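I have placed the structure first, in the form of structure tokens, so that the comments after it can refer back to it.
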Amino acid sequence: MRTRNVQIIFCLTDEEADYLDALVKRSGRTRSSFLRAMIEGYQLCEKPDPEFYKVMRELSGIGNCINQIAAKANTLGFIDEPMFAEEAKKLHQLQLDIRKNFLLPKKVM
């Protein structure tokens, strides 16, 4: 069932509409999603360039490799598991920090 059933219609000048459309395009969101986030007090970030997503995919690949190494090391039993766990934790935290700083909207209010 649709949860958003209230429509609000308002008028903009051509310049205001162009500016809104430019902001929406830079954010990578839909107009509705953009306006709802603004109403909730978020300052939206611009959508990162394609290079950012390439780096995120590389980080994800590294994480997958670390998991595979860990599984194999557990089977063979010859790795310093606490050190490995700490490095995996650092990598995961780096990925979260990148996402927080570049993708997630920041609350203004």
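Against the condition out of contact with any Lys or Arg (no Cβ under 8 Å at 6 or more places or on another chain) and part of a helix (DSSP H, G or I), how does LEU91 come out, does it pass?
On the way: out of contact with any Lys or Arg (no Cβ under 8 Å at 6 or more places or on another chain): yes; part of a helix (DSSP H, G or I): yes.
In short, yes.
Identify, from the list LEU59, LEU12, the residue that is assigned to a loop (DSSP other than H, G, I, E, B) and either free of Cβ contacts under 8 Å to residues at least 40 places away in the same chain or out of contact with any strand residue (DSSP E or B) (no Cβ under 9 Å at 6 or more places or on another chain) (or both).
LEU12 is the lone residue from the list that is assigned to a loop (DSSP other than H, G, I, E, B) and either free of Cβ contacts under 8 Å to residues at least 40 places away in the same chain or out of contact with any strand residue (DSSP E or B) (no Cβ under 9 Å at 6 or more places or on another chain) (or both).
Residue count for segment 7-36, restricted to those that are under 22 Å from the mean Cα position of the chain (by Cα), hydroxyl-bearing (Ser, Thr, Tyr) and surrounded by fewer than 15 Cβ atoms within 10 Å (Cβ to Cβ): 3. Among the hydroxyl-bearing types (Ser, Thr, Tyr), within 27 Å of LYS100 (Cβ to Cβ) and at pLDDT 80 or above - does that describe any residue in segment 48-59? Yes, segment 48-59 contains at least one residue that is among the hydroxyl-bearing types (Ser, Thr, Tyr), within 27 Å of LYS100 (Cβ to Cβ) and at pLDDT 80 or above.
Is it the case that ARG4 is part of a loop (DSSP other than H, G, I, E, B) and either surrounded by 10 or more Cβ atoms within 10 Å (Cβ to Cβ) or in contact with a His (Cβ under 6 Å, 6 or more places away or on another chain) (or both)?
For ARG4, the condition - part of a loop (DSSP other than H, G, I, E, B) and either surrounded by 10 or more Cβ atoms within 10 Å (Cβ to Cβ) or in contact with a His (Cβ under 6 Å, 6 or more places away or on another chain) (or both) - is not met.
Counting only residues that are outside any helix (DSSP H, G or I) and within 15 Å of the chain's Cα centre (by Cα), which one in segment 37-51 is surrounded by the most Cβ atoms within 10 Å (Cβ to Cβ)? Give the steps one after another, and end with the answer.
Here is the first cut: in segment 37-51, the residues outside any helix (DSSP H, G or I) are 40-49.
Adding the requirement that they be within 15 Å of the chain's Cα centre (by Cα) leaves 42-49.
Working: TYR42: 16, GLN43: 11, LEU44: 19, CYS45: 15, GLU46: 11, LYS47: 15, PRO48: 15, ASP49: 9.
Per the criteria, the residue is LEU44.
The values are calculated or read from the model by the stated rules, or taken from the named source; none is laboratory data. The structure presented is a predicted model; accordingly, all values stated were derived computationally and were not measured. Methodologically, a virtual Cβ is constructed for each residue, glycine included, from the backbone with ideal geometry; neighbour enumeration extends over all protein chains shown.
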